[in-house]
Amino acid sequence: MRRLITISFLLFIALCGWAKAGNASVKDSICIIEGTVKNLPDGCDIILYGTAGKYSGKQRTVTQIRMGKFRFEKEVKGDERYSLFLYPCVEYLDLYVSPGKKAIITGNGTHPSTWNVKSDNPLQKEWNAYQKTDD
């Protein structure tokens, strides 16, 4: 009897853990990328490309600038690198994102390579510091 109660209790704990992990996984893996840019007309395409330098069509997400703002929501599994393009400009902005975090982009003009990214991702902080010393 005692063994049956112990086994039942352990199974209950395991089921609760699995249920909690299943409910939280999708919400916790979403990264939000928001941008505010100046001196660009409404309707400009902003393209977010791939992970870790893979530029296939499947990994491309497109949105448009509306009133100087744009927004992406991406499901990411770990720290990932994306490139942000302003169509048809060939310059791009590298950004690093993490699950459940937010990346804030600010910029002025048509050159994404000069835009700024604020993010809690350590790789982004390192990249930003490198960009400042490179000038």
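Residues in segment 88-135 that are within 14 Å of G78 (Cα to Cα) and assigned to a helix (DSSP H, G or I) were compared, and the one that is least open to solvent (accessible area, probe 1.4 Å) is Q124. L15 fulfils the conditions (1) at pLDDT below 80; (2) part of a strand (DSSP E or B) except for a single criterion, (2). Scanning segment 62-73 for residues that are open to solvent by 40 Å² or more (accessible area, probe 1.4 Å), in contact with a strand residue (DSSP E or B) (Cβ under 9 Å, 6 or more places away or on another chain) and either modelled with pLDDT under 85 or not hydrophobic (A, V, I, L, M, F, W, C) (or both) turns up Q64, K69, R71, E73.
Is it the case, given these coordinates, that I47 is closer than 23 Å to N121 by Cα, modelled with pLDDT of 75 or more, open to solvent by 40 Å² or more (accessible area, probe 1.4 Å) and hydrophobic (A, V, I, L, M, F, W, C)? Considered against the rule, which asks whether it is closer than 23 Å to N121 by Cα, modelled with pLDDT of 75 or more, open to solvent by 40 Å² or more (accessible area, probe 1.4 Å) and hydrophobic (A, V, I, L, M, F, W, C), I47 comes out as no.
Out of curiosity, is K77 loosely packed, with under 14 Cβ neighbours inside 10 Å, modelled with pLDDT of 80 or more and under 11 Å from the mean Cα position of the chain (by Cα)? Judged against the criteria, K77 is a match.
The values are calculated or read from the model by the stated rules, or taken from the named source; none is laboratory data. Keep in mind that what you see is a predicted model, and the values were worked out from it rather than measured. A quick note on method: Cβ atoms are made from the backbone with ideal geometry, for glycine too, and the neighbour counts reach across all protein chains shown. Keep in mind that these areas ignore ligands, DNA and RNA; they rest on the heavy atoms of the full protein, side chains included. Shrake-Rupley method; radii C 1.70, N 1.55, O 1.52, S 1.80 Å.
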